Structures are given as C-alpha cells and as structure tokens.
Amino acid sequence: MTSSSFDAIVAIVKANMIRLLNERSNLFFLVILPLMIVFALGLAIGGEASGNLVGVVDSTPTEASQTVLDAVQDIDNVTMRRYDSAQELRDEIARRAVDVGWVAEPGRGGAVTLRWYATAGEGFRLREIVENTVRSVNVDRQVLRLVTEDAGVDEATAEMALAEAEAFVEPTTVDRTTTGGDPENNPANIRAVLAAGELTLFIFLTSLVGASYLLSTRLLGVTRRTRAGPVPVSAIIAGEGLSRFLVALLQAGIVFFGSWLLFGVDWKAPWAVLALSVGMALVGSGGAMLLGTLARTDQQVSAIGLLLGLVLAALGGSMQPLQFFPDTLRRVAFATPHAWMNDALWRILVDGEGFAQIWPSLAVLTAAGIVLLAIASMALARSLR
Amino acid sequence: MAAQLWAMVWRDLWARLRDRSALVLGLLAPAALIAVFSLTAEGPTQSDLEVGYVSSAVADEDAPVALAIREGALSSLETDGTLTVTDYRDRDDLVAAIEDGDIGAGIVVTGDDPAAVEVIQDSDAVVSGAILGAVADSSAAAVDGIGRAVGAEMILGVESPSPAALQQRFQALAAEGEGAVTVVDVDDTADGAVGGIDLKTQLAAGMATFFLFFTVGFGVLGLLEEQRQGTLTRLLASPVPAWQILLAKLLVSFIIGVASMASLIAFSAILLGAQWGNPVGVAVLVVTGVLAAVSTITLVVGLAETPEQAGAIQSMLALVFGILGGSFFSLARSGGLASTLSMITPHFWFGEGLVQLSGGQPWTAALGPAGAMLVFAVVVGLPGLLLAGRTVRP
C-alpha cells in the first residue's frame, strides 16, 4: 500500500469519526438509548416481573386468609401485589400487570372464600398451587371437626386434646432439593441474556443508520473529489469500510462495558463475547456500506435501517430469546446473523460454554461479514467509476 | 378557500406516498414486526409438565402419605391433564431422569412412620417444582392431621379410633370443602368478565403506536425542508394565508397517521386474529392517538432549526416514548416508578384504552384514556402550534 493510500484511509476515517463525535444527538443514539433499554428491560422483565405475579384483595384479613397469603408468598418465584378493590385487580389482570389473583371474602365463623380471578383459559397451574396450599391450611379445621364430632366434645376441648396429641405424632418431613446448574431464569442470567439481545440489536442497527454518513459523503461529492486526487478507489473503500467498522465496534463497546459497569451484567466469557461482537461488527459494516452506497436519500437510510435493524433483530432472537421460539421459526431465524450471535451468547451466558464450543457461530458471522463487505465494496467501487 | 387548502393537502399527500420511506415506516416495518412478534410469541409447544414419583416401601404397604400423594393428589392432577407422572424404581433413577431432562421434578417418599417426603426439582423447573411442593405439603399436613386426630381421640377416650375410617371421613370433609378457606371461580356474569387484552393485540398496538410517531413526521417536517429549499418563502408570497400552509401540513400528517394505524389494525385483525374491541372505541383511540402524535411533531418542528435536527429530536422522542410507554415490553409488571413514568406517554394510554375495551366493553370505556391522549395533544400541541407558526411566518 502506498503511503498516500495509507494517509487517505487515515484521513477518511478521521473525518468520519470527527463528524460522528461532533453531532451531539449521537450521544443519545449510541450511549443513552441502548443503556436505557438495557436498564428498562431489567426492570420490565428481570427480577420479580419475570416470575408469577399474584394480586390479592383482602380488606378484612382473617387468620385463615392471612395464613394462605403467607404460605403462597413463601413459594419460590411468586410475588404478591396487594390491591384495594376487585375492580383494580381485574384491571391489573386485564393489562397483564399481574397473572392471577383473588379477592378474600370473609364468611361465618372465621371461614373465608377466595374468589379467583384469571384471564379466561389461563392461570391453571397457579391455581393448582394455591388450591394445594389452601388444602394444607384447611387441615387443622377439618381435623378439629373430626375430633369434636367423634368425641362429642366442644371445640375448645378438642383443640386441647389435639395439642397434646401433637407431642406424640412425629411429623412427616418434607424436604426440597434442587439439581442442575445455573437456572435459565436466575435473575442474573435473565439480565445478561437481555443485555446480550441489545448488544446484537444495536451493533447492527447503529451501523445501518450510520450509513447516512457514507450517503452524505457521496451526495456532497466528497468521494468523487477525493477520487480525483491521487487516491485509489481501493483506499476510499477501505477508509469508508473501516469507518463503519469502527463505529460498530464503538457501539459494541458501549453496550458491553455499560451493561457490565452500570448494571452488573456478568458476561461470563468476555473474550468470546467480544470476538462475537467483532464478527457482528463486520456484518454491520458490510450492511452499512451497502446501504450507504445504494440509498438515495437520508430518509431512505433511516427507514430501511430501522426496518432491517428491528425486524432482523426480532427474527434473530434479540427481543425474545430463540429458546422460546416455536421450532420451525427457530430454524428460519438462523437466516439472520443475529440468531447466530444470540444463540452463541445464550450458550455462553446460560450454559456456561466458551470459545471452544461457540467458534462455529463465530466463523459463520465472520464469513457473512466478509462476504457482505466484499459485495458492498464492489458496489461502492462501481458507483465511484 | 377550503378548496385551496385541500389542493395543498392532496398534492403533499401524493408526494409523500410516492416517497417510499413513508410506506416503509408507516406500513412495512410495523407490519413485519407485528408478524414476527405474533409468531415468536406463540412460544414452544407447551408440553405437559413431566414429573416423576418414587416410593421406597419399607413394609408391604405404602405409607399413608405415599398413598395420599400418589393416588390422591398426583392422580387427580394427571386426570385433569396438568401433569404427566412417571413412576421410577428408586431415587437414583429419578435424579438421573431429571438430569437427562426427561422430567422436571419428582417426589420421593421413604420410610413408614414417620415418612419422609423429598421434592427434587431441576433448577429450571419452577412450575412443576412449585406444584409438587404444594402437593407434598398438603399431603403431609393431611396425614399428620389424621395422626393428631387419632391421638386426640385416644386422649379423649374414644374407642379405638381407626385411622382408615378417620382418613375416609377426612377425605369426605376435604371434598365438601369443609374448612376455613375455599377457592371459588368468579361468576363471570355477575362480576363482569375479566377481559384482558390478548397478547397479539398488545404487540400490534405497541408497534403501531411506536411507528406512528415516525410516520406523522412525513407531513409537518416538510415545513423545515421547504424552508431550507426556499419554496416556503414562495408559498408565503402567494395569496395563500400562512396559517393554511401550516394547517395543510398538519392535515397531511394526520391523514397519514390515521391511514397507517387503520391499515395495521386491519392487518393484525384479519391476518393474525388480533382482537381490538369495539370499532367505535378503537376509532376514538386512533383519532386521539394520532392527534397526540401530530402535536408532538409540531412541537419538534417549532423547536428545531434544521430538518436534520428535527429528524433527530423526533427519533429520540419516538424511542423514549415507545420504550416508556410499553411498545416493546410492558413496564406495568414492574410496578413503582417505572409504571408511573409510563403514564406520561400517549403510547401507554392507547394500550390502556384497548385494555378497557377488552372483554366486550362498550365504546364509552375508551373515553377515559382517549381523554388523556387529548390532554397530551393540547398540552404539547398548543405551544407547538405557536412555535411552528413562527417557523412559517417568522
């Protein structure tokens, strides 16, 4: 490479970077927006919100209703929300803010009826759990009634006898054991997977939307004038390609380090994640260069950038993880680069895999990126002639 | 005069429609995302919860709690299709099955008097683990209760109380729902159906409102373009009053916005089976929603100096509102500050309107949320109109 080529490449990259950093709105799009989404997702989907939410209306709590409440609250993965009225509970279920719920209606003699609310056709499993919990709570009363009837005594006497008998009955023990490694719905894992999805999404989206820089450079005639100087076409292409690549890497870095430093996301195998980001950055740069070459207006770039950036991300598992896709759709998803990266990231973050296992995905991403860049370079070269 | 106005509106509309970006952002992108989300939201094929059971019988008979669990609770859960139960020979087999992924959780009963119940679950099998845990707890409580009853009756001098007989009477009582707490279904007709917005409609509404805030830019933003190109000055020099020029642009944005929403609603309803609710109610929501969007873009145009600046501010607002307002994921479940913040956005109120309409409610149910969007449109739009007016006539 001649020194003038090298100088030209450096100059082009520098010019692109200066333009990028000068536009203050980029602070929003590259930094604030992705990190805000990672944060909001953590709130919306991570933690309590991902488990089962049960709403309870209990304006006049009795011993019985309180016991059920305490027992259900103790269950792993169940969070309770209290409401003041049945209408409020119904509305919250309707907008899916809670999954199911009950309204406690006290009856005679300490009895309580729990009116069960759920969207039609949903909530059966939660209901089973609550019904069984209720059964446990009811045992004491049933036993009391048994003894009072059989022995012909009043409740107080029966209760005393039962209390005495308790000393002689060895209780059945119930133990719980958990096997298996890191659960996929461990809150830390959920947060990491969500951040991973955003990483994939933004590397590609920011690249595409950033194609407007290449577009305006071409439209303003800068590239043609550069061409007029002793600068070979290959240097211009290399300069523009490198600029797109650096922007993609910058975006990757912001999401990677921001998620880690600000939200405590544990990337588990950081070098593997960074390698995948580089592969995705190659794909993004290729896409951006192609878009910047073929598009004719700024609005076209934004519209197509947004379209492809969001749709491919959704299809590729950036918004809802591939694990939860229906089987056929999951296979289709791998037509997108996002799926390869998201799948590899899931395996790193949830299954604990590393370089040794995910290198095929890395290879596919890198190959796709190189192919796209090659096609884009040819297109740009043709447009410069 | 009205003819002049409509002439401008038509001309602008055609120009916008020929610009394919409007079609991409107003129709193609949201429709594609709605389609993808509908497909991904269907989730993997729901298999029955697979669980296992082991009883190491010490004597010839199974311990009472083993029977209570296997023949009582688990049997009935099998019958109603909630669980599929496989019996294993011993604990090691069960644990192996869990680790192989054949089952999610299992119950192991050992010993006789007292028996020991162990609930083993895979860390991912949250639901089956919880169900088995509840089953184990209730069965153990029942058996211990019978034990205490026998003991108490002996203390009280009842003649040889037979555990079996007590057990039967206990079952009868349990079946009758005797006890302090009963779980009862809500009577739909009495209390009104728990409507509930279905997931597909929620997704479609989210995408439609998100892209709406980009789509409405295609009219009003043209003001800044024309200002830069000089065509605005020429328009002002013509006998067309300045306010009409602004109004024409606003109408173009409004029409494009409504057209986009209507198409997406039709698309999701016809092709994907989304249920939007009473058509009049939905129409009210769409009109007030589009007004809110147009008011936002008007303010943006009033504040911005160049078309690029306006485009950037518009994108930022569209993104922030979309995220806060629940277009991509709902903040409603997280409670607290986040769900309160989301109430500033028209996106939230559009979704809320659909929630109120769900379950077959009349169109008037949408009035509250529509009102909220109208308030937003006025609060944002009035200053917007003033500022945009100054752009037209500095």
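The values are calculated or read from the model by the stated rules, or taken from the named source; none is laboratory data. Please read all numbers here as calculations on a predicted model, not as lab measurements. Ideal geometry is used to build each Cβ from the backbone, glycine not excepted, and the neighbour counts take in all protein chains shown. Surface areas here come from the heavy atoms of the whole protein model, side chains and all, with no ligands, DNA or RNA. Shrake-Rupley method; radii C 1.70, N 1.55, O 1.52, S 1.80 Å.
Of all residues in the range A:45-72, which are out of contact with any Pro (no Cβ under 8 Å at 6 or more places or on another chain) and in a loop (DSSP other than H, G, I, E, B)?
If the condition is that a residue be out of contact with any Pro (no Cβ under 8 Å at 6 or more places or on another chain) and in a loop (DSSP other than H, G, I, E, B), then A:Ile45, A:Gly51, A:Asp58, A:Ser59, A:Pro61 are the ones that fit.
Quick test for you: out of A:Trp271, A:Trp346, A:Trp267, pick the one residue that is open to solvent by 50 Å² or more (accessible area, probe 1.4 Å) and of a type in the set (A, V, I, L, M, F, W, C).
Going through A:Trp271, A:Trp346, A:Trp267 in turn, just one is open to solvent by 50 Å² or more (accessible area, probe 1.4 Å) and of a type in the set (A, V, I, L, M, F, W, C): A:Trp271.
Looking at the range A:89-118, I want the residues that are touching a residue at least 60 places away in the same chain (Cβ under 8 Å) and have a partner that is among the small types (Gly, Ala, Ser) with Cβ atoms under 7 Å, at least 6 apart or on another chain. Which pairs are those?
A:Tyr117/A:Gly101
Yes or no: the range A:211-224 includes at least one residue that is touching a Ser or Thr at 6+ places or on another chain (Cβ under 7 Å), open to solvent by 10 Å² or more (accessible area, probe 1.4 Å) and within 28 Å of A:Phe355 (Cβ to Cβ).
Checked the range A:211-224: no residue is touching a Ser or Thr at 6+ places or on another chain (Cβ under 7 Å), open to solvent by 10 Å² or more (accessible area, probe 1.4 Å) and within 28 Å of A:Phe355 (Cβ to Cβ).
Does B:Ile120 fit the bill of being open to solvent by less than 50 Å² (accessible area, probe 1.4 Å) and either at pLDDT 85 or above or at negative phi (or both)?
When the stated conditions are applied, B:Ile120 passes them.
Pairs needed: first member in the range A:1-13, in a helix (DSSP H, G or I); second member anywhere, among the small types (Gly, Ala, Ser) and open to solvent by 20 Å² or more (accessible area, probe 1.4 Å); C-beta distance under 7 Å; at least 6 residues apart or different chains.
Matching pairs, first to second residue: A:Ile9/A:Ala238.
For B:Ser138, state whether it is within 8 Å of chain A (Cβ to nearest Cβ), within 30 Å of A:Glu149 (Cα to Cα) and polar (S, T, N, Q).
Spelling it out, B:Ser138 is indeed within 8 Å of chain A (Cβ to nearest Cβ), within 30 Å of A:Glu149 (Cα to Cα) and polar (S, T, N, Q).
Tell me, which helices (runs of 4 or more DSSP H) wholly within the range B:75-167 include 3 or more residues that are in contact (Cβ under 8 Å) with a residue 24 or more places away in the chain?
Helices (runs of 4 or more DSSP H) meeting the threshold: B:91-100, B:126-155.
When you go through (1) part of a helix (DSSP H, G or I); (2) open to solvent by 20 Å² or more (accessible area, probe 1.4 Å); (3) within 7 Å of chain B (Cβ to nearest Cβ) one by one for A:Arg115, which number turns out not to apply?
(1)
Given the conditions (1) of a type in the set (Lys, Arg); (2) surrounded by fewer than 22 Cβ atoms within 10 Å (Cβ to Cβ); (3) within 8 Å of chain B (Cβ to nearest Cβ), report the number of the one that A:Arg95 does not fulfil.
Going through the list (1) of a type in the set (Lys, Arg); (2) surrounded by fewer than 22 Cβ atoms within 10 Å (Cβ to Cβ); (3) within 8 Å of chain B (Cβ to nearest Cβ), A:Arg95 breaks only (2).
For the structure I just gave you, tell me whether A:Ser302 is among the hydroxyl-bearing types (Ser, Thr, Tyr), over 25 Å from A:Val265 (Cα atoms), within 14 Å of chain B (Cβ to nearest Cβ) and surrounded by 19 or more Cβ atoms within 10 Å (Cβ to Cβ).
yes
Can you pull out the residues in the range A:323-343 that are within 12 Å of chain B (Cβ to nearest Cβ) and surrounded by fewer than 22 Cβ atoms within 10 Å (Cβ to Cβ)?
Result: A:Gln323, A:Phe324, A:Pro326, A:Asp327, A:Thr328, A:Leu329, A:Arg330, A:Val332.
Filter the range A:148-157 down to residues that are at pLDDT 85 or above, crowded, with 16+ Cβ neighbours inside 10 Å and of a type outside the set (Ser, Thr, Tyr), then give me how many there are.
Final tally of qualifying residues: 0.
For the range A:158-188, enumerate the residues that are without any contact (Cβ under 8 Å) to a residue 24 or more places away in the chain, in a helix (DSSP H, G or I) and surrounded by fewer than 16 Cβ atoms within 10 Å (Cβ to Cβ).
Passing the criteria: A:Met160, A:Ala163, A:Glu164, A:Glu166.
Residue-by-condition table, conditions (1) facing chain B (nearest Cβ under 9 Å); (2) among the polar types (S, T, N, Q):
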| position | (1), (2) |
| --- | --- |
| A:Ala165 | yes, no |
| A:Arg176 | yes, no |
| A:Asn186 | yes, yes |
| A:Leu201 | no, no |
| A:Phe204 | no, no |
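What is the number of the single condition among (1) within 30 Å of B:Ile103 (Cα to Cα); (2) in contact with a Leu (Cβ under 9 Å, 6 or more places away or on another chain); (3) of a type in the set (Ser, Thr, Tyr) that A:Thr206 does not meet?
Every listed condition holds for A:Thr206 apart from (1).
Does the range B:227-266 hold any residues that are open to solvent by less than 60 Å² (accessible area, probe 1.4 Å) and not in a helix (DSSP H, G or I), and which are they?
Selection gives B:Gly230, B:Ser238, B:Val240, B:Pro241.
Take the residues in the range B:84-104 that are within 9 Å of chain A (Cβ to nearest Cβ) and open to solvent by less than 40 Å² (accessible area, probe 1.4 Å); name whichever of them is nearest to A:Leu126 (Cα to Cα).
The extreme case among them is B:Ile98.
Scanning for something within 12 Å of chain A (Cβ to nearest Cβ), of a type in the set (D, E, K, R) and either under 19 Å from B:Val9 (Cα atoms) or touching a strand residue (DSSP E or B) at 6+ places or on another chain (Cβ under 6 Å) (or both), does the range B:214-228 turn up at least one residue?
Scanning the range B:214-228 turns up at least one residue that is within 12 Å of chain A (Cβ to nearest Cβ), of a type in the set (D, E, K, R) and either under 19 Å from B:Val9 (Cα atoms) or touching a strand residue (DSSP E or B) at 6+ places or on another chain (Cβ under 6 Å) (or both).
Do we find that A:Gly109 is more than 7 Å from chain B (Cβ to nearest Cβ), under 17 Å from A:Thr67 (Cα atoms) and surrounded by fewer than 16 Cβ atoms within 10 Å (Cβ to Cβ) in this structure?
Yes, satisfied.
Between residues in the range A:334-362 that are closer than 21 Å to A:Leu373 by Cα and residues that are open to solvent by 60 Å² or more (accessible area, probe 1.4 Å) and part of a helix (DSSP H, G or I), which pairs lie under 7 Å by C-beta distance while being six or more apart or on different chains?
A:Phe334/A:Trp340; A:Ser361/A:Trp340
Please go through the range A:73-83 and pick out each residue that is touching a strand residue (DSSP E or B) at 6+ places or on another chain (Cβ under 7 Å), more than 9 Å from chain B (Cβ to nearest Cβ) and outside any strand (DSSP E or B).
The one that is touching a strand residue (DSSP E or B) at 6+ places or on another chain (Cβ under 7 Å), more than 9 Å from chain B (Cβ to nearest Cβ) and outside any strand (DSSP E or B): A:Gln73.
Which residues, counting only those in the range A:119-135, are facing another protein chain (nearest Cβ under 7 Å) and either part of a strand (DSSP E or B) or buried (at least 21 other Cβ atoms within 10 Å of the Cβ) (or both)?
A:Glu128, A:Ile129, A:Val130, A:Asn132, A:Thr133, A:Val134, A:Arg135
Could you count how many residues in the range B:267-285 are closer than 24 Å to B:Leu13 by Cα, surrounded by fewer than 24 Cβ atoms within 10 Å (Cβ to Cβ) and aliphatic (A, V, I, L, M)?
2
Determine if the range A:54-72 includes at least one residue that is open to solvent by 40 Å² or more (accessible area, probe 1.4 Å), in contact with a Leu (Cβ under 8 Å, 6 or more places away or on another chain) and at the interface with chain B (Cβ under 8 Å from one of its Cβ atoms).
Scanning the range A:54-72, I find no residue that is open to solvent by 40 Å² or more (accessible area, probe 1.4 Å), in contact with a Leu (Cβ under 8 Å, 6 or more places away or on another chain) and at the interface with chain B (Cβ under 8 Å from one of its Cβ atoms), so the answer is no.
Can you find even one residue in the range A:278-287 that is surrounded by fewer than 20 Cβ atoms within 10 Å (Cβ to Cβ), assigned to a helix (DSSP H, G or I) and in contact (Cβ under 8 Å) with a residue 12 or more places away in the chain?
Yes, the range A:278-287 contains at least one residue that is surrounded by fewer than 20 Cβ atoms within 10 Å (Cβ to Cβ), assigned to a helix (DSSP H, G or I) and in contact (Cβ under 8 Å) with a residue 12 or more places away in the chain.
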